[in-house]
Protein chains: 2
Amino acid sequence: MKSKHDSVLHVVIAGAGFAGLNAAKVLARERKVRLTIIDRTNHHLFQPLLYQVSMAELNPSDIATPIRAFFRRRKNVEVVMGEVTRVDPDARCLHTTAGLLEYDYLVLATGSRHMYFGHDEWEAFAPGLKTLEQATEIRRRVLLAFEKAERAASPEALSQPLTFVIVGGGPTGVELAGAIGEMARHSLRREFRKIDPRATRVILLEGGNRILAGFHPDLIARAMRDLEALGVEVRLNTMVTEIDADGVRAGDERIAASTVLWAAGVAPSSLGRQLGVACDRGGRVVVEPDLSVPGHPEIFVAGDLAHVANEDGEPLPGVGGVALQEGVFIGKLLRRELRGAASRKHFRYHDKGSMATIGHNKAIAEIGRLRLGGYPAWLAWVFIHIYYLTGFHNRVFVMLQWAWAYFTRRRNMRLILGKGWRFYGDK
Amino acid sequence: MKSKHDSVLHVVIAGAGFAGLNAAKVLARERKVRLTIIDRTNHHLFQPLLYQVSMAELNPSDIATPIRAFFRRRKNVEVVMGEVTRVDPDARCLHTTAGLLEYDYLVLATGSRHMYFGHDEWEAFAPGLKTLEQATEIRRRVLLAFEKAERAASPEALSQPLTFVIVGGGPTGVELAGAIGEMARHSLRREFRKIDPRATRVILLEGGNRILAGFHPDLIARAMRDLEALGVEVRLNTMVTEIDADGVRAGDERIAASTVLWAAGVAPSSLGRQLGVACDRGGRVVVEPDLSVPGHPEIFVAGDLAHVANEDGEPLPGVGGVALQEGVFIGKLLRRELRGAASRKHFRYHDKGSMATIGHNKAIAEIGRLRLGGYPAWLAWVFIHIYYLTGFHNRVFVMLQWAWAYFTRRRNMRLILGKGWRFYGDK
């Protein structure tokens with residue numbers, strides 16, 4: 001590490017998710033810093049609304065902003081589109097597809113990807129929801145399933161395309177299941193001639209004994225009722241043992257389904273293991289209370305890649321709010337340090353509550369001791385997401401799209417795109 | 001053909017572009033008709049604004065509407081997503097990837113695709129602009145070229161990624177060239193650190209002796225000046241003889257360019273040749289004055305696939321306005337015939353004028369004897385496109401996106417998506 005009294009220090013931020021972007025926003029205002037942000041994509045993605053892109057309710061550009069756009073007025077910030085291939089903590093550099101990046105400080109926030117518990121072959125049949133490309137692919141599969149059903153030669157052939165299986169009963173799984181139920185029952189109702197989209201089966205499979213683990217039992221019960229009202233069958237204590245092009249095996253039962261979606265597990269970026277320090281069983285880096293890496297005060301880890309314990313010793317969940325607060329914390333810590341602070345503060349997570357949405361007018365929210373369900377929770381969900389959404393353009397257009405959808409119940413982004421538009425059976 | 005006094009006749013419309021969709025809209029209101037619309041995609045596309053999707057100014061969903069959405073209240077209309085593989089005029093049926101379709105009347109409006117004058121291998125290096133997938137691919141290539149330049153190791157390595165070649169000086173070529181010039185000079189100006197996007201070269205190659213053939217010479221001169229002001233180099237009388245991953249050969253010169261776009265020629269759908277009647281040299285079906293096929297009064301051809309002569313014997317151009325009027329004409333003709341009319345009218349094209357846009361505030365328009373350039377033409381262009389845009393949602397959101405872009409000069413859809421995001425050099 002150069003002396004802190006040197007003119008300008010180089011901070012490299014790997015990953016422009018909630019953690020990386022928010023650390024960068026704080027540091028960009030600091031003159032003593034030269035900042036390089038490297039990301040695999042050219043955009044910051046507002047993950048909490050990604051399921052709405054996959055369900056044809058929002059455009060990709062409504063929830064994503066080019067990273068460069070945030071820093072156009074900050075001459076000390078450089079944005080690089082590329083992938084980090086190796087971290088070398090001793091040489092203090094990153095090997096990337098865009099060349100070597102040396103750093104004085106490093107913020108490693110490369111997030112997580114889907115994990116199929118040793119069954120990587122399932123990914124082709126059951127895509128997860130982490131990127132805009134995956135959201136578009138899920139949208140394509142769900143909409144094509146209805147087209148396929150409309151073309152089915154016999155009533156028996158309808159059942160497989162109209163069966164949707166979602167694996168994993170966390171917030172993402174619940175959102176996807178609710179949205180498909182709602183699309184079938186409302187948005188697509190009048191549009192088909194041979195099928196009744198309300199005959200759609202949506203099956204939500206959860207390995208544990210409850211969905212939305214972590215919420216209060218009353219709210220979980222409420223969410224279960226809301227899902228059932230949308231025609232979603234929830235199956236608890238059900239492990240998936242097989243996934244292929246024709247469906248899944250869940251417990252003892254074989255379910256024939258054209259569309260299977262994965263919302264069951266994530267694994268952190270593999271870069272954490274290259275730091276040569278202790279990781280937890282999942283592969284997340286166990287960081288110091290100041291979010292730095294043991295033995296490397298110049299390296300910070302944040303977001304889904306970091307294992308940060310709360311006061312009870314439990315790791316904080318891999319959600320946007322945690323990543324955001326960690327990013328801001330690191331940004332401020334470095335700013336203080338560059339200005340001469342001798343000691344570092346410890347990170348403390350301020351839990352602002354949890355929410356999950358099930359559908360139109362239906363959500364659950366737990367904010368401190370306040371528990372909300374139904375319309376009030378949904379309204380809170382809408383405003384909090386608009387508030388946290390990144391970029392003024394996005395806020396305006398998401399609000400407008402939502403207002404439109406609220407009054408018309410239409411899904412205007414129902415475009416089936418992609419090279420693979422052909423049906424399985426087509427020559 | 002069944003007797004016209006039979007209860008219900010089956011009209012099949014192949015292709016839901018301007019011609020097919022507008023014929024369908026007229027016929028859907030007719031009780032004596034059962035209507036089947038077959039299209040390869042699930043959406044109707046407003047082609048005239050497709051270049052704005054490719055230039056990150058609009059979302060795909062702003063200019064496309066699911067075909068089913070138009071006919072949700074018309075129980076007599078069935079929409080099929082599938083591809084026509086063979087027309088059998090004698091058996092009165094279509095072979096399609098969605099099965100056999102028998103018809104009483106057929107409207108063949110399957111449009112055109114890009115044509116590379118015998119060099120199909122050029123398509124991989126120089127995509128054309130006909131579908132939303134192609135627009136997204138062009139957007140990806142153009143934005144990646146700037147990212148590639150920013151990563152270039154030496155000043156010499158900058159020139160190839162920052163050179164954009166557009167082949168073809170018709171309205172689409174001019175729109176693409178102007179938009180890239182504008183993006184480089186305005187939208188991206190502050191966002192890069194190592195390159196100056198204003199160093200971008202945009203080269204528009206035209207084989208003939210003028211761009212925008214068909215417009216008045218004064219307007220062409222105006223468009224040339226507007227293009228030059230945006231940094232576009234126009235080269236007339238220049239034939240392309242070679243296109244590969246590194247650039248093009250134009251006349252005697254080799255131009256190194258990472259991005260080449262094709263706007264030079266289209267060929268009609270191959271289905272026309274299966275009708276067993278005379279086609280013009282390009283492969284368009286030479287139709288009767290009522291737009292039916294000689295010897296087959298039950299088959300109509302419209303849009304880019306039809307060769308319709310104007311009063312001077314010249315074929316009408318392959319533009320949206322012609323297709324739209326042909327579609328409406330066929331719809332009304334069939335409606336009259338089903339109601340008992342004994343004779344058919346002849347199609348007459350009402351030329352409402354031509355326009356081409358070059359950039360922000362810059363367009364040319366020729367409406368009868370009125371010739372406009374600059375801001376007035378651009379304003380006319382904006383309002384006419386909003387007016388003709390299909391679907392109320394699209395009209396509202398395109399207007400809002402344009403208003404936003406007008407005041408901020410930002411391009412908010414600058415997302416680089418797609419599996420192939422890696423740079424050529426990346427491992």
>> Per-residue Cβ counts within 10 Å, from other chains only, averaged over B:126-132: what number is that?
In response: 1
> What FRET efficiency, computed as 1/(1 + (r/R0)^6) with R0 = 25 Å and r the Cβ-Cβ distance, is obtained for A:Val396 and B:Glu133, rounded to the nearest 0.05?
Replying inline: 0.35
> Between A:Glu298 and B:Phe407, what FRET efficiency follows from the Cβ-Cβ distance if R0 is 56 Å, with the result rounded to 0.05?
Replying inline: 0.85
> Given the C-alpha centroids of segment A:14-84 and segment B:218-248, what is the distance between them in whole angstrom?
Replying inline: 35
> What's the angle, to the nearest 10 degrees (0 to 90), between helix A:374-388's Cα axis and the longest principal axis of chain A?
Replying inline: 40
>> Just to confirm the number: angle between the C-alpha axis of helix A:320-338 and the first principal axis of chain A, 0 to 90 degrees, nearest 10?
In response: 10
> For label points placed 7 Å from Cα toward Cβ, what is the shortest-first list of nm distances from A:Asp218 to its copies?
Replying inline: 7.7
> What does the charge count near B:Phe329 come to, summing +1 for each Lys or Arg and -1 for each Asp or Glu among other residues with Cβ under 9 Å from its Cβ?
Replying inline: +1
> Using the Cα atoms of chain A to build a convex hull, what is its mean projected area in square nanometres?
Replying inline: 21.6
> What net charge is computed for the residues neighbouring B:Val287, neighbours being all others with C-beta under 11 Å from the C-beta of B:Val287, Lys and Arg scored +1, Asp and Glu -1?
Replying inline: -3
> Taking only C-alpha pairs under 8 Å that are 6+ residues apart, what is the relative contact order of segment A:1-128 in percent?
Replying inline: 30
> Given the pairs A:Lys32/A:Lys345; A:Lys194/B:Lys332; A:Lys148/B:Lys75; A:Lys345/B:Lys148, which span a C-alpha to C-alpha distance of over 30 angstrom in this model?
Replying inline: A:Lys345/B:Lys148
>> Tell me the accessible surface of B:Met224 in square angstrom (1.4 angstrom probe, heavy atoms of protein chains only), to the nearest ten.
In response: 40
> Once you put a point 7 Å from the Cα of B:Ala256 and another 7 Å from the Cα of B:Ile386, both along the Cβ direction, what distance in nm separates them?
Replying inline: 4.6
> Can you list the trypsin sites (Lys or Arg not before Pro) in segment B:202-297 that are in a DSSP coil and have 14 or fewer other beta carbons within 10 angstrom?
Replying inline: B:Arg281
> Which sequence of A:Asp218, B:Asp244 reflects their accessible areas, 1.4 Å probe, from the largest down?
Replying inline: A:Asp218, B:Asp244
>> I'd like the accessible area for A:Ser154, computed on protein heavy atoms only with a 1.4 Å probe and all protein chains in place. Round to 10 Å², please.
In response: 40
>> How much of the pair distance distribution for segment B:158-208 lies past 17 Å, counting alpha-carbon pairs only, in percent?
In response: 36
>> Under 8 Å for C-alpha pairs, at least 6 residues apart: give me the relative contact order for chain B, rounded to a whole percent.
In response: 20
> Average projected area of the Cα convex hull of segment A:54-181, in nm²?
Replying inline: 11.9
> Helix B:217-229 versus the longest principal axis of chain B: what angle, 0 to 90°, nearest 10, using Cα atoms?
Replying inline: 40
> Where the label is 7 Å out from Cα toward Cβ, how close does A:Val396 come to the same position in every other copy, in nm, shortest first?
Replying inline: 1.6
>> As a check on your reading of the symmetry: which chain A residue has its Cβ nearest the axis that brings A onto B, and how far is it in Å?
In response: A:Asn59, 2
> Can you give the average number of partner chain beta-carbon atoms within 10 Å of each beta-carbon in peptide B:63-70, as a whole number?
Replying inline: 5
> What per residue convex hull volume, in Å³, do the alpha-carbon atoms of the protein assembly as shown yield?
Replying inline: 165
>> Solvent-accessible area of A:Lys345, probe 1.4 Å, all protein chains present, reported in Å² to the nearest ten, please.
In response: 120
> Label-to-label distances across copies for B:Ala229, with labels 7 Å out along Cα→Cβ, in nm, shortest first?
Replying inline: 5.8
> Considering only DSSP beta bridges with both partners in segment B:203-353, what is the antiparallel share in %, to the nearest 5?
Replying inline: 65
> Helix-derived [θ] at 222 nm for the protein assembly as shown: sum -39500 (n - 2.57) over DSSP H runs of at least 4, divide by residue count, nearest 500?
Replying inline: -8500 deg cm²/dmol
> If you count the DSSP beta bridges with both ends in the protein assembly as shown, what percent of them are antiparallel, to the nearest 5?
Replying inline: 50
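The values are calculated or read from the model by the stated rules, or taken from the named source; none is laboratory data. Just so it is clear, the model here is predicted, and its values are computed rather than measured. Every residue, glycine among them, receives a Cβ derived from its backbone with ideal geometry; neighbour counts consider all protein chains shown. When the accessible area is computed, the model is the full protein with side chains, heavy atoms only, and any ligands, DNA or RNA have been set aside. Shrake-Rupley method; radii C 1.70, N 1.55, O 1.52, S 1.80 Å.
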